[in-house]
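The values are calculated or read from the model by the stated rules, or taken from the named source; none is laboratory data. Small disclaimer: the values here were computed from a predicted structure and weren't measured. Methodologically, a virtual Cβ is constructed for each residue, glycine included, from the backbone with ideal geometry; neighbour enumeration extends over all protein chains shown. When the accessible area is computed, the model is the full protein with side chains, heavy atoms only, and any ligands, DNA or RNA have been set aside. Shrake-Rupley method; radii C 1.70, N 1.55, O 1.52, S 1.80 Å.
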Amino acid sequence: MTELGKRLKEAREAKKISLDELQQMTKIQKRYLIGIEEGNYAIMPGNFYVRAFIKQYAEAVGLDAEEIFHEYAHEIPATQHDELPEQLSRVKSRQQLTTKYDKWLALLPKVLVAVALIGVAVMVWMFLQSRSATEEPNPQTTNSSTEVEQSKNSPLEKAVEKQKQKKEEEKQQEENKTNESTATTLAVTETKGNTATIEVTASQFQLELTSKGASWVEVFNGKGHSFYKGTLQNGQTQSFDLTSETEVVVKIGRTLDVEIKVNGQLFTYPIDPTKVVYQKLKFIVKKS
């Protein structure tokens, strides 16, 4: 075992992370993780992957990757800019072309909707102009109340009124959510290592986890019953109604990529995620 491998393994064991858990967190095959700890770089696909895997390993166990590369430069393959295999380059080029094509396709419906709205507005305007031209002006019978009534019955006015009503409903829903969140009190009672204890005082306890990357997550109660265990992919959200629980534990493999909401209120990690990546949050639920 190399000095670098020993340093990484000690950091992993200090955080009580198994190789299987580390594999889920980093998406690196377990045999490559073992190879890094043993200094067996020969099994790796190439120097590019050796450096990339070491960087991911270090970050997952809370070490500074740049410091690791500087301190153990004599053990790590010196090549820093290996060219990617030709096949990967072709795949990247195809992905770039596909992305540009998808962007144009995504814009097409918006363009069509805009053209349709402009067409409808022009038709309505032409209809109103034609109608006003054929009717004989009569100042005695024309009044402001009639004009207002006609404006309310027009398609454009109906659309505007419907949109206004929708915005008012959305505003009311947001106010309801805000009222619910303000009734929740969160108090950090203890932080030790990578574990924090938070006391929640509320009439309900709803938990929402949203991933901005890819992170291993586990949610279970004080009796060990598991509500969720797995890797939360980018953009995925898991919601839990845990009102009946008195103690809930949440393990997060990479806190930098997971956003937490408690009763709709954004939760701030008691321990800085940039300093401690893998964290355990223990929620003590008290009914208000």
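Overview of results
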quantity	calculated
Among residues of region 42-58, those that are open to solvent by less than 40 Å² (accessible area, probe 1.4 Å) and either acidic (D, E) or free of Cβ contacts under 8 Å to residues at least 12 places away in the same chain (or both), counted	1
Top-ranked residue of region 189-206 - restricted to ones that are under 24 Å from the mean Cα position of the chain (by Cα) and in a strand (DSSP E or B), ranked as nearest to Q236 (Cα to Cα)	Q206
Residue within region 185-206 that is farther than 30 Å from G62 by Cβ, modelled with pLDDT of 65 or more, surrounded by 10 or more Cβ atoms within 10 Å (Cβ to Cβ) and touching a helix residue (DSSP H, G or I) at 6+ places or on another chain (Cβ under 7 Å) present	no
Any chance Y32 is over 25 Å from K251 (Cβ atoms) and assigned to a helix (DSSP H, G or I)	no
Single unsatisfied condition, Q173 versus (1) polar (S, T, N, Q); (2) in contact (Cβ under 8 Å) with a residue 60 or more places away in the chain; (3) out of contact with any helix residue (DSSP H, G or I) (no Cβ under 7 Å at 6 or more places or on another chain)	(2)
Listing of strands (runs of 3 or more DSSP E) fully contained in region 207-288 that carry 2 or more residues being open to solvent by 30 Å² or more (accessible area, probe 1.4 Å) and not charged (D, E, K, R)	226-232, 237-241
Helices (runs of 4 or more DSSP H) enclosed by region 62-159 - at least 3 residues per element that are within 29 Å of the chain's Cα centre (by Cα) and at pLDDT 80 or above	65-71, 86-134
Matching residues, region 33-56, being under 15 Å from L8 (Cβ atoms) and under 28 Å from the mean Cα position of the chain (by Cα)	L33, R51, A52, F53, I54, K55, Q56
